[in-house]
Amino acid sequence: MITATFRRRRALLAATLLGGSSLAGLAFWNGHPATAQTAPPAIAVPGQAANAPTAGFADLVARVRPAVVTITASGRQEAQPARSPFQPGSEQDQMFRRFFGEEGRPQPGPRARREGAALGSGFVVDAEGHVVTNNHVIQGASQVMVTLDDGRELPARVVGRDPRTDLALLKVEAGAPLPWLNLGDSDRARPGDWVVAVGNPFGLGGTVTAGILSARGRNIGQGPYDDFLQVDAPINSGNSGGPLFALDGSVIGVNTAIFSPTGGSVGIGFAIPSGMVRQVVADLKANGRVERGFLGISTQPVSRPVAEALSLPRPEGAMVAEVTPGSPAARAGLRPGDVVRAVDGSPVREPRDLARLIAGKRPGEQATLSVRRDGQDRDLRAALDPLQDGKS
């Protein structure tokens with residue numbers, strides 16, 4: 001669901017996934033293999049001030065760039081039309097279709113499938129060679145190659161993918177420990193903080209851009225767990241899967257999408273926050289997939305009249321529209337018209353909050369739902385089922 005703020009905007013914007021710049025015949029330089037045999041520590045920038053650096057970002061970039069990689073996904077793939085990531089019929093969906101073409105008309109660009117190489121970005125997250133990138137960068141590829149900062153090209157194995165958050169985890173065998181990056185605390189990032197992006201826009205590997213964190217918690221209609229960081233650091237097609245850094249050298253986001261009327265950067269980019277990335281990567285590394293809890297309800301925002309009728313202090317929460325028969329919600333006694341206000345004490349201000357909180361729990365876990373019903377508060381306990389494909 002697109003936020004009310006986005007609905008009111010009339011700007012001519014289209015959402016573009018950043019990965020998969022199709023460039024055949026890209027040549028990489030040959031480097032020399034690393035010789036270190038002991039696991040290096042995570043890259044950091046000791047002593048870097050949290051405010052604007054007086055000497056630019058060069059010291060930070062020199063420390064982190066060895067762990068940023070280029071992803072090349074190849075294989076015979078049929079051309080497909082650009083698929084709108086927006087809610088069907090919304091203003092953004094209509095603009096996307098006008099720009100990229102109606103369904104059934106293959107379009108060039110980041111989402112087009114063709115024989116050749118689709119390029120994206122990624123970064124190493126441990127010395128053993130696990131690499132994080134976007135799922136859409138490698139989706140449908142028969143072969144994935146990772147090019148390290150020193151020029152080595154290594155075949156990559158897909159450890160796991162999570163289409164719901166558009167994240168994927170790869171593994172390369174480098175023969176020696178690799179430099180790697182820490183996932184930082186995206187919850188501490190504030191609008192106005194400096195951020196630095198490093199990636200592979202349009203096949204130009206090792207490109208550095210800088211800007212500020214523009215906003216948090218953006219919903220761009222890409223999925224039920226949208227919680228994007230918005231940045232104005234220039235990112236373009238091919239930046240997908242690359243890291244977004246705080247000034248301490250930690251990764252606070254994975255660059256994923258942009259708003260643009262042209263397909264190029266206009267200063268509105270989106271990154272998956274590291275708090276979500278950390279959880280997904282841990283699951284992919286352990287199981288090759290992400291296990292999420294399933295509650296079994298459909299919800300809608302709480303309107304002001306509903307809030308007044310239920311004596312809520314403000315129009316916040318997730319109102320239950322439908323309960324799936326036999327689901328954990330049904331067993332717990334949830335009813336249509338209930339407003340879920342918290343899960344295990346964590347506030348639910350809108351339906352996305354509820355979706356993320358439930359998805360963050362394991363199947364079989366108990367979730368305590370704080371519910372307003374007929375003007376009265378009550379707690380309901382639900383034992384969650386596994387989330388299956390096709391459910392939400």
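The values are calculated or read from the model by the stated rules, or taken from the named source; none is laboratory data. Just so it is clear, the structure is predicted and the values come from calculations on it, not from any experiment. Backbone-built Cβ (ideal geometry, glycine too); neighbour counts: all protein chains shown.
Tell me, which residue of segment 280-295 that is surrounded by 14 or more Cβ atoms within 10 Å (Cβ to Cβ) and not charged (D, E, K, R) is farthest from the chain's Cα centre (by Cα)? It comes out as LEU295. Set side by side, the residues GLY223, GLY217 differ, and just one is within 13 Å of the chain's Cα centre (by Cα), more than 16 Å from VAL69 (Cα to Cα) and assigned to a loop (DSSP other than H, G, I, E, B), which is GLY223.
For (1) without any contact (Cβ under 8 Å) to a residue 40 or more places away in the chain; (2) touching a Lys or Arg at 6+ places or on another chain (Cβ under 9 Å); (3) polar (S, T, N, Q), each residue gets a yes or a no:
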position: PRO305; (1), (2), (3): yes, no, no
position: LEU312; (1), (2), (3): no, yes, no
position: ALA332; (1), (2), (3): no, yes, no
position: ARG335; (1), (2), (3): yes, yes, no
position: ARG378; (1), (2), (3): yes, yes, no
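Okay, residues lined up against (1) farther than 11 Å from PHE270 by Cα; (2) surrounded by fewer than 20 Cβ atoms within 10 Å (Cβ to Cβ):
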{"site": "LEU204", "(1), (2)": "yes, yes"}
{"site": "LEU213", "(1), (2)": "no, no"}
{"site": "GLY217", "(1), (2)": "no, yes"}
{"site": "PRO224", "(1), (2)": "yes, yes"}
{"site": "VAL231", "(1), (2)": "no, no"}
{"site": "PRO234", "(1), (2)": "no, yes"}
{"site": "GLY238", "(1), (2)": "yes, no"}
{"site": "PRO243", "(1), (2)": "yes, no"}
{"site": "SER250", "(1), (2)": "yes, no"}
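ARG218 - would you say it is over 28 Å from VAL172 (Cα atoms) and of a type in the set (D, E, K, R)? Spelling it out, ARG218 is indeed over 28 Å from VAL172 (Cα atoms) and of a type in the set (D, E, K, R).
Does segment 163-180 contain at least one residue that is modelled with pLDDT of 95 or more, buried (at least 17 other Cβ atoms within 10 Å of the Cβ), within 28 Å of GLY264 (Cβ to Cβ) and among the hydroxyl-bearing types (Ser, Thr, Tyr)? Within segment 163-180, not a single residue is modelled with pLDDT of 95 or more, buried (at least 17 other Cβ atoms within 10 Å of the Cβ), within 28 Å of GLY264 (Cβ to Cβ) and among the hydroxyl-bearing types (Ser, Thr, Tyr). Does GLY345 satisfy the condition of being of a type outside the set (Phe, Trp, Tyr), without any contact (Cβ under 8 Å) to a residue 60 or more places away in the chain and closer than 27 Å to ARG216 by Cα? Answer is yes for this residue. Scanning segment 352-392 for residues being crowded, with 21+ Cβ neighbours inside 10 Å and in a loop (DSSP other than H, G, I, E, B) gives a total of 1.
Restricted to segment 233-317, the set of strands (runs of 3 or more DSSP E) holding at least 3 residues that are under 17 Å from VAL131 (Cα atoms) comprises 243-245, 251-260, 269-273.
For segment 223-239, the candidate set comprises residues that are in contact with a helix residue (DSSP H, G or I) (Cβ under 7 Å, 6 or more places away or on another chain) and either of a type in the set (Lys, Arg) or over 27 Å from GLU350 (Cβ atoms) (or both); within that set, the residue that is modelled with the highest pLDDT is ASN239.
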